[in-house]
Amino acid sequence: MTDTDPSPELVTGSDGLARPLWAARDPLLQAYYDTEWGMPIRDEQGLFERLSLEGFQSGLSWATILRKRPAFRAAFADFDPDIVAEYDDADVERLMADAGIVRNRAKILATIGNARATIALRGTVGDGGGLAELVWSFRPDVTPAPRSYAEIPSSTPESIALSKELKRRGFRFVGPTTMFALMEAVGIVDTHLVGSHRRGSSGVWAS
């Protein structure tokens, strides 16, 4: 078996496309995998949303977060950092009473604090960049080419460094594992299994 052989952990769907098992069983996850996961996100609001949702996902399944995403977007003003940064105690209580989201006070408070930290980053990175530029600055020189999920790390030197830098900047719920998941989700690394119809689709990395 060579490095270019398709992963044995892929499932070929009725449409003839190869996907990992997690994306082949649930229509919602399949749509997410086929259209969003691993595609580049380079704008502040988009990165803030993904960072927030990855934080809420900690200890839960991504499917749970994905099903709640419309409610999260409604609760957090489409993850507009300028609006979320102004949330006060009354907003925290409103969110704690919102059954549509994950009602975890620490994560809610972290999201509000992270919005403020996002605003504070503006103009401090590169030529006026902010959160997106900072996150993308931790892109590694090479990306994994996994044939199985056992070959995908849970964290990397880059995700550890990103975690440390974000914590230094006042962010919370941004541990190395969460940051590696973020890097996968927004295209900074490509961990689509070899042979998946999505491998190389981001345009950031060659297939």
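A few remarks follow.
- Remark: segment 149-165, residue by residue, has Karplus-estimated 3J(HN,Hα) of 6, 5, 8, 8, x, 8, 7, 9, x, 5, 6, 5, 5, 4, 4, 4, 5 Hz, where x stands for each Gly or Pro and the curve is 6.51 cos²θ - 1.76 cosθ + 1.60 at θ = phi - 60°.
- Residues whose placed amide H lies under 5 Å from that of Val11, excluding near-sequence neighbours: Arg19, Leu21
- Using θ = phi - 60° and Karplus 6.51 cos²θ - 1.76 cosθ + 1.60, couplings along segment 102-114 (whole Hz; Gly, Pro as x): 7, 8, 10, 4, 4, 6, 5, 5, 5, 5, 5, x, 5
- Contour excess over end-to-end distance, with Cα ends at Val142 and Glu165 and 0.36 nm allotted per residue: 6.2 nm
- Calculated [θ] (222 nm, deg cm²/dmol) that DSSP helices of n ≥ 4 give over the chain, each run adding -39,500 (n - 2.57): -14000 deg cm²/dmol
- Residue-wise HN-Hα couplings along segment 83-94, as the Karplus relation 6.51 cos²θ - 1.76 cosθ + 1.60 with θ = phi - 60° gives them from phi, are 7, 4, 4, 8, 4, 10, 4, 5, 5, 4, 5, 4 Hz; Gly and Pro carry x.
- Near the amide H of Gly129, within less than 5 Å, lie the amide hydrogens of Gly123, all on another chain or at least 5 residues away, with H placed in the peptide plane.
- Taking label points 7 Å from Cα along the Cα-to-Cβ direction, Ser58 and Thr124 give a separation of 2.0 nm.
- Normalised by residue count, the chain yields a Cα convex hull volume of 116 Å³ per residue.
- Estimated from the Cβ-Cβ distance and a Förster radius of 25 angstrom, the FRET efficiency linking Arg172 and Leu28 is about 0.35.
Taken together, the values in this text are just the output of simple stated rules run on the coordinates, not laboratory data. Worth saying up front: this structure is predicted, and the values here are computed from it rather than measured. Note: ideal-geometry Cβ built from the backbone for every residue, glycine included; neighbour counts use all protein chains shown.
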